[in-house]
Amino acid sequence: MPPRDSLAIIVQTNFQLCAYTCSELHVKMIGLFCDVNTLRRLTNVVFYKITRDSVKGAFRLGISASQITRFLRMHAHPRLRTGKYPPLPFNVEDQIVLWDRERSRVMLEEVVRYQCQTRDEYEAAVQWAEDMGCLSWAGQVKQVIMVRHGSSDSFASFIRRWRGQAAAGGGRKRKAAVGH
């Protein structure tokens with residue numbers, strides 16, 4: 001009979017988790033990243049299901065994907081540590097990492113959109129915005145530029161100066177003289 005505080009986990013490729021333990025603490029710890037609604041319990045074994053929602057709930061608690069996978073590998077059943085089988089199925093580990101990446105795949109940034117009137121203006125504006133580090137996106141076909149909101153006033157000033165010089169006859173040759 002294993003010690004009362006021991007923990008041996010088997011994770012299957014179908015995201016079923018089987019934990020051999022008598023410790024209530026271990027059951028609660030596993031419940032942090034497994035679906036508690038799927039808990040099935042016998043005398044010395046508990047069964048859980050690892051789900052997207054349960055893992056994302058763990059992320060909201062501040063638990064990282066690497067902490068979850070490290071915990072599962074560290075407490076893998078001794079027979080899984082023989083080397084014949086991985087202690088954690090590759091598909092389960094990869095999926096936990098992918099669920100973690102879902103949280104950061106979209107970055108929101110407040111920008112201001114500018115529509116350039118000519119190709120020369122577009123090229124000068126893109127160059128200025130790149131040089132100033134405020135270019136968020138530029139679309140050459142429609143001559144649209146998006147600059148970070150914090151730099152929009154200085155960008156608008158640049159565009160006014162450039163248009164004034166272009167109207168005065170400076171055009172393309174004067175764009176470098178407009179300055180930063």
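No lab work stands behind these numbers, since they all come straight from the coordinates. Worth saying up front: this structure is predicted, and the values here are computed from it rather than measured. In this analysis, Cβ positions are derived from the backbone assuming ideal geometry, glycine residues included, and neighbour counts consider all displayed protein chains.
Here is how the numbers come out for the structure above:
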{"read-out": "Tabulated pairs, segment 116-135, first under 12 Å from residue 162 (Cβ atoms), second part of a loop (DSSP other than H, G, I, E, B), C-beta under 7 angstrom, 6+ apart or interchain", "value": "116/143; 122/116; 122/143; 125/116; 128/180"}
{"read-out": "Pairs where the first residue, in segment 75-89, is touching a residue at least 12 places away in the same chain (Cβ under 8 Å) and on the phi < 0 side of the Ramachandran plot and the second is assigned to a loop (DSSP other than H, G, I, E, B) and surrounded by fewer than 18 Cβ atoms within 10 Å (Cβ to Cβ), C-beta under 6 Å, 6+ apart", "value": "89/13"}
{"read-out": "Of all residues making up segment 26-54, the number that are free of Cβ contacts under 8 Å to residues at least 12 places away in the same chain and closer than 18 Å to residue 67 by Cβ", "value": "1"}
